[in-house]
Amino acid sequence: MSTPVLTAVAWPYANGPRHIGHVSGFGVPSDVFSRYQRMAGNRVLMISGTDEHGTPIQVQADKEGMTPRQAADKYNLQIATDLQGLGLSYDLFTRTTTGNHHRVVQDLFLGLYRNGYVVAKTQLGAVSPSTGRTLPDRYIEGTCPICGYDGARGDQCDNCGNQLDPADLINPVSRINGEKPEFIETEHLFLDLPAFTEALGGWLSTRTQWRPNVLKFSQNLLDDLRPRAITRDLDWGVRVPLDGWRDAPMKRFYVWFDAVIGYLSASVEWARRTGDPDAWREYWSGDARSYYFMGKDNIVFHSLIWPSLLLGYNGAGGSVSPGGQPGAFGTLNLPTEVVSSEFLTMSGSKFSTSRGTVIYVHEFLEEFGADALRYFISTAGPETQDVDFTWEEFIRRTNFELANEWGNLVNRSISMAHKNVGAVPRPTAPQQADAELTALSAAAFDTVGAHLERSRFKQASSEAMRVVTAANRYLSEQEPWKLGDDPSRRDTVLHTALQVVSDANALLTPFLPHSAQQVHEALGGSGVWATQPELREVEDLDTPDSSYPILTGDYGAEQARWESAPIEVGRPLAKPRPLFAKLDPKLAETGPSWAPIAPE
C-alpha cells in the first residue's frame, strides 16, 4: 500500500558554494532514500531550499560589495546548480526569501504565541564594537564553561552538546574579525523550551529505530533545555507579526527559527505550485512518515527544537497550555526519524572553507561526474562515524568497484549478447547455476530494501554489489565465450547474465541514477528510467515582479521500480559504452590540480 513519505532535507546556507562534506550529510543520503521510496511505490515529497537570512549573509555580502539579497541570489543559483548536477531529486528546492515562506513562518509563530509558548525577556546581546552590528550566537566562539572545550559556539558546544548563551563563553571572540564582542541589554522573544521537556522525553523514548548516536545525543540534552531566543537585532530576515515589533527596524526572527519552519513552508509552496493548495497536508498528518536528513551539527534543531515548535503549535504536549489549539495548518506530525550523518573530514579536520580544507562539489562533478561521488558517500561516507576522505580510497572504489566490477559486468554481458545474437537471447533448459544466480538477485530486493528503509546505505550498497560480484563469478565459471558450438547453452547463460544486470541496475539506481539510465538504454530500453531534477525559473507566488530558480521534476513518470522485472527476449542490443572510466592511480598521491594533496 502506498504511503506518503516526507523527505525533509537540511537547508544549505546561501553564503558560499557547497563542498563535498556538506552533501555527504544532507544531500546524497536523502536522495538515495527518496529514490528508493519512489521505486517502492510510495508517494514522496522531497523538499528543501537555501537558508538566506541572518548576519552571515550580511557579512558575506559586505565582503563582496553586494546587498544581502544580491549575495543570496548568487549563492542560491550556484547551490541549486550543484545539487542539480549531483542528481538530487527534489520535488521542490526553494529558498527562505520568498513571500510564501515569510507568511508561513509568521503564521506558525502566531500559533505558538497564542498557545503561550513565546515570552519576551531582556538578555545580553553581542555586538561588534567596530561595526555596531549584532553578532549571531554562532559567530561567537570561546571556551565552553561546562566542559572546557576551546571552540564552543555561542549557541551550543559541539563537544558536550549543551545549549549556551554567548555571554556564558570564556574569552569570547567574533569569528568574523577576531575582536572581543560587547554585550548590551536588549529585549527579545523566547521559545519556552523547558515547557516541552517532559513531552520531548516521552516522545524520544518511542524513537527506538533511530540511529543510536542521534537518540542518545538528544536524550542527553533534555535536562539542560533553556528558553531560546527566536528574535535578533538585525534588518535582514522575517518580520515579527506583533504590535510593537512588526515595524521595528532592527527586529527580525532569528535565522534558525525561520529555517526549520522552511520544511513546512516549502511543502505549502510545492502544493500551491501543483494547483492543489492543500496537497501538502497528506505529508504532514495521519499515517504519513517524515524523515529529516542533516549533518550531526544540526541534530539538536531537528530532534528537540523543531519538535517543540510543532508541539507548541499543535497546542498539545507542553506544560504551559496543554489545552491549546492548532492554527490553520492543523495538527502537524512530529518527525518519524532524524537521520543524521557524522562528519566527512580531510586528514582528520572537518571540511572548512575558512581553513582551506575544502573540495567544492562543482569542481568534483566537472572532473569525476556525479555517480562516483554518490557511490563513495554511500559506501564509505560518514553514516555513523566521522570518515576521512582520501583520494586513494575514492580512486580505489571507483576503479575496483565501479569500473572493474559493475562496469565490467555490464560491458561484457551486453557485448557478448550483441556480438552473438544482436538481441536479448532466449533461454532454454536453465541449469542449477542459472537458477541460483537469478534467485540471489531477486531476493536482494528484499534485503537491500530493508536496509534502505532504515537508511543503512553502506549495508544496502554492499548487498547490491554482492549480486554484481556473484554475476561476474558466474560468467567466469560458465565461460559463454567458449560455447560457440553450443548456442543453446550460450544463450541461456547470456540471458541469465542480462537478467541479473537488469536486476542489479534497479538495485543500484538509488545510488547511481545517472549510469542507471545508461544501463537501461544499453539493455535496449527507451524512455526515462531515473528522472533527473530540472532547474526552472518561477515567479514568486506572493511578491509581484520577483522570480527565482527552483529544483523540481516529474518523478512519477520514471520507469524505475523496486522489483525484478523479466527482460524482454528479442529486444535489440547495441554495443555498450563504458560506464565508468578508470582513474589514474597517480591521483591517489597527488590529487587533482584543484585539490592537490599537500606534501607532508
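The values are calculated or read from the model by the stated rules, or taken from the named source; none is laboratory data. Every value quoted in this text rests on a predicted model; they were computed, and no experiment measured them. Neighbour counts run over all protein chains shown; Cβ positions are idealised from the backbone, glycine included. Remember, those area values only see protein heavy atoms, side chains included, never the ligands or the DNA or RNA. Shrake-Rupley method; radii C 1.70, N 1.55, O 1.52, S 1.80 Å.
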- Item | region 538-554 - phi-based ³J(HN,Hα) in whole Hz, Karplus 6.51/-1.76/1.60, Gly and Pro as x | 10, 7, 5, 5, 10, 10, x, 6, 10, 9, 6, x, 10, 9, 7, x, 9
- Query: In terms of modelled amide H atoms, which long-range or inter-chain residues lie less than 5 Å from the amide H of His19?
  - Reply: Val361
- Message: Can you give me the angle between helix 457-478 and the longest principal axis of the chain, using Cα atoms only, in degrees from 0 to 90, rounded to the nearest 10?
- Response: 10
- Query: For the peptides 190-197, 338-345, 224-231, 63-70, what is the packing order when you average, over each peptide's residues, the other Cβ atoms within 10 Å and list the highest mean first?
  - Reply: 338-345, 190-197, 224-231, 63-70
- Message: Whole-Hz ³J(HN,Hα) for each residue in region 224-236, computed from phi via Karplus 6.51 cos²θ - 1.76 cosθ + 1.60 with θ = phi - 60°, x for glycine and proline: what do you get?
- Response: 10, 5, 10, x, 10, 5, 10, 10, 9, 8, 7, 10, 10
- Sequence neighbours fewer than 8 away in the same chain don't count; with that in mind, list the aspartates and glutamates whose C-alpha is under 13 Å from Lys121. Glu185, Glu187, Asp192
- Message: If each residue of separation counts as 0.36 nm, what is the full-extension length gain between Ala435 and Val528 once their alpha-carbon separation is subtracted?
- Response: 30.5 nm
- For the chain, what does -39500 (n - 2.57) per DSSP helix run (n ≥ 4), summed and divided by total residues, give at 222 nm, in deg cm²/dmol to the nearest 500? -11500 deg cm²/dmol
- Helix 55-64 sits off the longest principal axis of the Cα atoms of the chain, rounded to the nearest 10 on a 0 to 90 degree scale, by 80
- Item | Among [x] 0.95; [y] 1.04; [z] 1.01, the entry that matches Rg/Rh (Cα atoms, Kirkwood Rh) as calculated here | [z]
- Query: Which angle between 0 and 90 degrees, to the nearest 10, do you get for helix 262-274 versus the longest principal axis of the chain when only C-alpha atoms count?
  - Reply: 60
- With the dipole of the chain defined by +1 on each Lys or Arg Cβ and -1 on each Asp or Glu Cβ, the option from Gly422, Val173, Asn314 whose Cα lies farthest towards the positive pole is Gly422
- Task: Quick one: what are the phi-derived ³J(HN,Hα) couplings along region 402-410, Karplus 6.51/-1.76/1.60 with θ = phi - 60°, whole Hz, x for glycine and proline?
- Result: 7, 7, 6, 8, 6, x, 5, 4, 4
- Item | Per-peptide average of other Cβ atoms within 10 Å, ordering 179-187, 166-174 highest first | 166-174, 179-187
- Query: Between Met46 and residues 5 or more places away or on another chain, which pairs have amide H atoms under 5 Å apart, with H built 1.01 Å from N, and which residues are they?
  - Reply: Thr7, Asp91, Leu92
- Message: Please report the antiparallel percentage of DSSP beta bridges with both residues in the chain, rounded to the nearest 5.
- Response: 60
- Task: Please work out the Cα center distance from region 399-467 to region 507-530, rounded to the nearest Å.
- Result: 13
- Which links in Lys216/Lys251; Lys419/Lys482; Lys482/Lys575 stretch past 24 Å when you go from one Cα to the other? Lys216/Lys251
- Message: Just to verify a number: what accessible area does Trp481 come out at with the full protein assembly present, 1.4 Å probe, Å² rounded to tens?
- Response: 130
- Task: Take Met250, Met1 and sort them by solvent-accessible surface of the protein heavy atoms, 1.4 Å probe, largest at the top.
- Result: Met1, Met250
- Item | Area accessible to solvent at Phe26, 1.4 Å probe radius, in Å² | 20
- Simple spin-label estimate for Arg43 and Asp62 in nanometres, 7 Å along Cα-Cβ: 4.8
- Note on the structure: So, with points 7 Å from each Cα along the Cβ direction, the Trp481-Ala598 label distance in nm works out to 4.7
